[in-house]
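A short write-up of the structure that comes next.
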Amino acid sequence: MIKRIPILLFILAIIYIYFKDETFTNKTITIGTSIPKTGIIKAWGDSVTAGANSYFKYANEENILGSKKINFLIYDDKYEPELTIDNAQKLVFKDKAFALFGFVGTPTVKSVLPLLYDEDIPFFGAFTGASFLRNTSNKNFVNFRSSYEEEIEAIVEHLYKDKGLNKIAVFYQNDDYGEEGYISLLKSLEKRNLPLVSEGSYKRNTLSINHAFNEIKDANPQAIIMVGAYKTNSLFIKKAKENEKLKNTIFCNISFGDANEMVKELEKQKTNTNNLLFSQVVPSYTDINIPAIKEYQTLMKKYYPKEELGFISLEAFLSAKVLVNAIQRVKGSLTREKFLSSLQNTPFNALEGFYLNFKNTQLLNNIYLFHYKNSTFEKIEN
């Protein structure tokens, strides 16, 4: 037995080293992301870059993390899952990123789940409301935004309760993102004993809407829930507004549709912007009565003066600020485990003017509905 003690001690030492949370002592903290910097939703990537980097640059200049600096490392995935996998692997194994942050899209995020499970790396602030990031016991997933299910429930409640509408259709992207929205819509309709009157889908990263349009139009829906990307959604709306059956239909877009870019596309096409409804996970980016939004406007103008303000860059800014705040509150040596704990215990008032409450893996738990009228996004008051 005595002869076996050194062997047991060696095994215990190996186990300790393997499971011990790695300490990050470098002055540079690499935060990695994979987002669409080119391709059909390039504007999404530009907004995330500007919003997040405006706060990271500020934090570095003001020494908010003392002698440590944030290095925001960005790879382009064109909103294609295969590229996202490659980028995530580079960030984890080559670049030794401390955390992954701000990935854009449901199919892209779903593609890297095996890597996230295996490497147990912090994954914060993804731009997706997917259920698989929320219905999980995995401690390294921390979401900033509310879910797609909450967004669609808020839209359906407004259409049914406030507007008295009961003929609802869906236009969706034929992938994991569209499926998330589609299933969420079915749940909301079933809750109210309403049928889905028609449906149509299109292939991701394309503008192939004709089949979906023909599937939907003959049902004469009073409202269409749109679970797509901004260029495709805007093209569908343009075509629908030229059709007599759909001229009074309300087009309801969830946050991933990128309201700012969608409106820009419609105006460029000289399409009227009546009957547009948008759900968002953050308040209006113009609301300077909220101190954190006023700070967003100030820092965006300083670091990205040519970038237009919008919902996406605001969300990216706020989540970047929460990330820095979480690192700042870590006591002693910086480890991923401490960082995740700090994120999950973010003070309710860490963003002045917001109420943060970590539950169901997410910090924000509100949905905001807007009409687009008189060239502005007008909040729908409950």
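Given +1 at the Cβ of Lys and Arg, -1 at the Cβ of Asp and Glu and no other charges, the dipole of the chain around its Cα centre is 640 debye to the nearest 20.
Taking every lysine pair in the range 250-373 that is 8 or more places apart or spans two chains, those with Cα atoms closer than 22 Å amount to 16. Accessible area per residue for the chain, computed on protein heavy atoms with a 1.4 Å probe, is 45 Å². Annotation for the range 271-366: trypsin sites (Lys or Arg not before Pro) lying in DSSP loop with at most 11 further Cβ atoms inside 10 Å of their Cβ are LYS306, LYS331. Sparsely packed loop sites in the range 76-123 (the trypsin sites (Lys or Arg not before Pro) outside DSSP H, G, I, E and B with at most 12 other Cβ atoms within 10 Å) comprise LYS96. Using just its DSSP H runs of length 4 or more, each adding -39500 (n - 2.57), the chain gives a mean residue ellipticity at 222 nm of -12500 deg cm²/dmol after division by all residues. Evaluated with a Cβ-only charge set (Lys, Arg +1; Asp, Glu -1), the range 176-310 carries a dipole of roughly 320 debye about its Cα centre, given to the nearest 20. Note on LYS191: lysines with a C-alpha under 22 Å away, same-chain residues under 8 apart excluded, are LYS161, LYS163, LYS167. I'd like to know which of PHE236, ILE380, LEU165 lies farthest towards the positive end of the charge dipole of the chain, counting +1 on Cβ of Lys and Arg and -1 on Cβ of Asp and Glu. Comparing the listed Cα positions along the dipole, ILE380 ranks first. For the set HIS371, HIS158, HIS211, the ranking by accessible area, highest first and with no ligand, DNA or RNA atoms included, is HIS211, HIS371, HIS158 under a 1.4 Å probe. Spread over its residues, the convex hull of the C-alpha atoms of the range 104-259 is 105 Å³ per residue. Considering only SER147, SER208, THR271, and ranking their Cα positions along the charge dipole of the chain that arises from unit charges at the beta-carbon of Lys, Arg, Asp and Glu, the one farthest toward the positive end is SER147. About its Cα centre, the range 97-213 has a charge dipole of approximately 320 debye under the convention of +1 per Lys or Arg Cβ and -1 per Asp or Glu Cβ, with nothing else charged. Near TYR172, the amide H atoms lying under 5 Å from its own belong to GLY200, SER201, TYR202, VAL227; only residues 5 or more places off or on other chains count, and H is placed 1.01 Å from N. Computed as a quarter of the hull surface, the mean projected area of the alpha carbon convex hull for the chain stands at 21.6 nm².
Sorted largest first, the spans of the alpha carbon positions of the range 154-194 along the three principal axes are 31, 16, 16 Å.
The apolar share of the surface of the range 214-256, taken as the fraction of accessible area on carbon and sulfur atoms (1.4 Å probe, ligands and nucleic acids excluded), comes to 37 percent.
The values are calculated or read from the model by the stated rules, or taken from the named source; none is laboratory data. A quick note: this is a predicted structure, and the numbers were derived from the prediction, not measured. A quick note on method: Cβ atoms are made from the backbone with ideal geometry, for glycine too, and the neighbour counts reach across all protein chains shown. For the accessible areas, the whole protein counts, side chains as well, though only heavy atoms, and no ligand, DNA or RNA atoms are used. Shrake-Rupley method; radii C 1.70, N 1.55, O 1.52, S 1.80 Å.
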